[in-house]
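Worksheet: one structure, shown below.
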Amino acid sequence: MRLDHRSLEAGQEQRLRRARRTATIVGIVAFAVFVVSVVQMLWLQHHPQAHAQAVKEALMQ
């Protein structure tokens, strides 16, 4: 959706820019969380003993 910037008031244009920037930041954070969770899942699949040891140590404290 392309908006004609000449038809927007200055306040509306500023709010639109802020909303787009916020949406971009939210998207980047969501993507980063997704990537970290996938990496964690893959790490746990390949290192189950290390995970079990870490859980055991955490429960002992």
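The values are calculated or read from the model by the stated rules, or taken from the named source; none is laboratory data. Keep in mind the model is a prediction, meaning the values are calculated, not measured. Note: ideal-geometry Cβ built from the backbone for every residue, glycine included; neighbour counts use all protein chains shown. Only protein heavy atoms, including side chains, enter the accessible area calculation; ligands, DNA and RNA are left aside. Shrake-Rupley method; radii C 1.70, N 1.55, O 1.52, S 1.80 Å.
Things to note:
- Cα convex hull, the chain: 98 Å³ per residue, rounded to a whole number.
- Here the 3J(HN,Hα) profile of region 30-43, calculated from phi with Karplus coefficients 6.51, -1.76 and 1.60 at θ = phi - 60°, is 4, 5, 5, 4, 4, 5, 4, 5, 5, 4, 4, 4, 5, 5 Hz, Gly and Pro shown as x.
- For the chain, accessible area per residue (1.4 Å probe, heavy atoms of protein chains only), Å²: 94 Å²
- Atom-type composition of the exposed protein surface of the chain places 64 percent of the accessible area on carbon and sulfur (1.4 angstrom probe).
- Note on the chain: with charges restricted to the Cβ of Lys and Arg (+1) and Asp and Glu (-1), its dipole about the Cα centre is near 280 debye.
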